[in-house]
1. Would you mind listing the helices (runs of 4 or more DSSP H) fully within region 69-133 where at least 2 residues are farther than 20 Å from residue 219 by Cβ, touching a residue at least 40 places away in the same chain (Cβ under 8 Å) and in contact with a helix residue (DSSP H, G or I) (Cβ under 7 Å, 6 or more places away or on another chain)?
2. Considering only residues that are in contact (Cβ under 8 Å) with a residue 24 or more places away in the chain and part of a helix (DSSP H, G or I), which ones fall in region 40-54?
3. Can you report the number of residues in region 379-402 which are in contact (Cβ under 8 Å) with a residue 12 or more places away in the chain and not in a helix (DSSP H, G or I)?
4. Please identify the pairs in which a residue from region 295-319 that is on the phi > 0 side of the Ramachandran plot has its Cβ atom under 6 Å from the Cβ atom of a residue that is surrounded by fewer than 18 Cβ atoms within 10 Å (Cβ to Cβ) and in a helix (DSSP H, G or I), counting only partners at least 6 apart or on another chain.
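The numbers here are math on the coordinates, done by the rules we state, and not lab data. Everything numeric in this text was worked out from a predicted model, so none of it was measured. Please note: Cβ atoms are built from the backbone with ideal geometry, for glycine as well, and neighbour counts cover all protein chains shown.
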């Protein structure tokens, strides 16, 4: 069972009051800082806390000792004292010494954490599978150990509960060795799981079934879409990182193509590289997919920025060259003006849907079918008997599924690529007036 190393960051019995802190250097964009703080506030809410203030320090470069400088530390200390703030969260990654110095300098009895530690705490809350829990514990331990050196009382805040006053230095080293042994054991377990996944992946590759990964920014609606399509029953909440463990389900596309759909962990801006490494095996579901569906939350005014973050992470994972279907979700909640503006991407690779209501999903699946078939599509051709020699072309260049001999023509159902479809375009079957009336 996963030990929740940071389980006491937020008090589970009441809402923890938090202060959010960032700096604005001369190189930063003020709008970007606000956007990042908005996201940090949502992370706090997801973890069960309440952001009661935002402090942004204008500073040319971060202070080496406290990140924000002594003047701002004093202001922060007074606010925490007067407003019963229990937790200070920095929208960056702090060094171990900066955390120690801040907790020493802030006179109020508060804890100081950074964005990475908060995300790890949320991961611990939401991990359900055995592998997910092991990944979280390993990431927490690797992140925490450097922050224990020279400050024994940190260990009293871990899920293991080593003592409220903190061990002495020799005790600290003993505990550190114990944690290093635990890390080695976790790494061995995860390697074995990764080897099993590799074996399963190779078996799926031999089956020839197309693998589709649903990727995108956190809370874009990935789990909602998988639930709508397959009835997977995944938890789908309006929270960041509500889903951590990947879920795979079989699905039959409208053209009877069988695929494997996998819901993956959401992306987020400023996701620390050590977290990407920690969950690499999970994120590899994207890397080894045949097709990637990138969901975009059109109801979020910053969805273009979120798409850029997603595209960068796909590049970092080595998956940017995969066929991608961009799915603009929550169109029923979007600003109508946006839907015509999301046009940097070719229309042949875009779908507009609502995963909640199902609007646009059929059209999305048709596009997905084409991508899963390597750009091919299933068509019906009506070939006159006088030109039935062209039937041989379909047998040669396409996959023929069914042939029906009618009174005046041969109806052929076949999966064709774009070139063959163009070559046989004049035989594409059109609905008759009688068929349209029906």
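1. Values: elements: 70-83, 96-105, 115-126.
Correct list: 96-105.
2. Keep residues of region 40-54 that are in contact (Cβ under 8 Å) with a residue 24 or more places away in the chain, which gives 40, 42-54.
Once the filter is applied, which keeps residues that are in contact (Cβ under 8 Å) with a residue 24 or more places away in the chain and part of a helix (DSSP H, G or I), region 40-54 yields 40, 42, 43, 44, 45, 46, 47.
3. 10
4. 318/287
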